[in-house]
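The values are calculated or read from the model by the stated rules, or taken from the named source; none is laboratory data. The shown structure was predicted, so the numbers you read here are calculated from the model rather than taken from an experiment. Please note: Cβ atoms are built from the backbone with ideal geometry, for glycine as well, and neighbour counts cover all protein chains shown. Ligands, DNA and RNA are excluded from the accessible area calculation, which covers all protein heavy atoms including side chains. Shrake-Rupley method; radii C 1.70, N 1.55, O 1.52, S 1.80 Å.
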Amino acid sequence: MFLEQFPQDGKPHGWIEVICGSMFSGKTEELIRRLRRAEFANQKLLLFKPKLDNRYAEEQVMSHNGSSFEAIQLEKATDLYDHWKKERLVAIDEVQFFDPEIVRVTSDLANRGVRVICAGLDMDFKGVPFGPMPLLLSCAEYVTKVHAICMSCGIPAQFSHRKKKDDNQVMLGAKDEYEPLCRACYNKIQH
Ligand code: ZN
């Protein structure tokens, strides 16, 4: 389990944490766990998510297990600056949907002493790295890869298999359309 390491020298330290994995891997649960711990420590925080995600009520980030947190929806990465009032913790859910500028924005915040926590899908349903994720993972100090359980054989799964035929990379509000699969079971279905 990820445990925060806070330097005790009194200086403002920033860094980037990325939580990644397939669908149903518990990314958002892990993000919310870290935010709750920060809340207990009375840290001021902001949570963002991309505007296109309308799966649940507006302004809320809800994990599949039902726990929730208030979120601000952004159309593009640089809009984050319209809301940021020097909070020392900035979290971003569904970060894979953001434009490439999100890499520069998160690095900039970390450079200014902000702890940035991003959660997102590392691969799309075709098994291709998703949007800005490869760059974000490279730039992060801490990377946590979480796994779902393969619906076919029960071992850890890292692929989000789309059961319905639809070539769009972004297909939202469709939890039932996907199932997590391990590498072997995913390859069996793809070919
Ligand atoms: Zn499997």
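Along the charge dipole of the chain, pointing to its positive end and built from +1/-1 on Cβ of Lys, Arg, Asp and Glu, which listed residue (78, 19, 95) has its Cα farthest out?
Looking along the dipole axis, the top candidate is 19.
In nm, to one decimal, how far is the modelled label at residue 165 from the one at residue 43, with both set 7 Å along Cα→Cβ?
4.8
Return the distance in nm (one decimal) between the two label points of a simple spin-label model at residue 4 and residue 86, each offset 7 Å from Cα along Cα→Cβ.
Placing both labels 7 Å beyond Cα along the Cβ direction yields 1.9 nm.
Count charges around residue 143 for me, please; just the other residues with Cβ under 11 Å from its Cβ, Lys/Arg as +1, Asp/Glu as -1. Display every interim value, and only then the final one.
Numbers: positive: 145; negative: 17, 122, 141.
Its environment carries a net charge of -2.
In whole percent, how big is the carbon plus sulfur part of the accessible area of the chain, probe 1.4 Å, protein atoms only? Please list the in-between numbers first.
On the way: 5150 of 9870 Å².
Answer for the chain is 52 percent, counting heavy atoms of protein chains only.
Can you tally the lysine pairs in the range 15-146 where the Cα-Cα distance is under 15 Å and the two residues are eight or more apart, or on different chains?
Numbers: 27/49; 27/145; 44/85; 44/86; 49/76; 51/76.
Step by step, the pairs that qualify in the range 15-146 add up to 6.
Accessible area, 1.4 Å probe, largest first: how do 99, 167, 93 sort? Let's see the in-between values first.
Values: 99 45, 167 110, 93 10 Å².
My answer, sorted largest first, is 167, 99, 93.
Based only on Cα atoms, what mean projected area does the convex hull of the chain have, in nm²?
Numbers: hull surface 43.5 nm².
Over every viewing direction, the Cα hull of the chain projects on average to 10.9 nm².
How far apart, in nanometres, would the label points at residue 142 and residue 72 be if each is projected 7 angstrom from Cα along the Cα-to-Cβ direction?
2.3
Using only DSSP helix segments of four residues or longer, with each worth -39500 (n - 2.57), what per-residue ellipticity at 222 nm results for the chain after dividing by its residue count and rounding to 500? Provide the component values of the computation, followed by the final result.
Numbers: 4 runs with 40 residues, N = 191.
About -6000 deg cm²/dmol.
When ligands, DNA and RNA are left out and all protein chains stay put, how many square angstrom of accessible area per residue does the chain have with a 1.4 Å probe? Let's see the in-between values first.
Numbers: 9870 Å² over 191 residues.
Spelled out: the 1.4 Å probe surface of the chain, per residue, equals 52 Å².
Quick check: the angle from helix 27-40's long axis to the longest principal axis of the chain, C-alpha only, nearest 10 degrees?
Roughly 20 degrees between the two axes.
Of the beta bridges DSSP finds with both residues in the range 15-146, what % are antiparallel, to the nearest 5?
Working: 4 of 27 bridges.
DSSP beta bridges in the range 15-146 are roughly 15 percent antiparallel.
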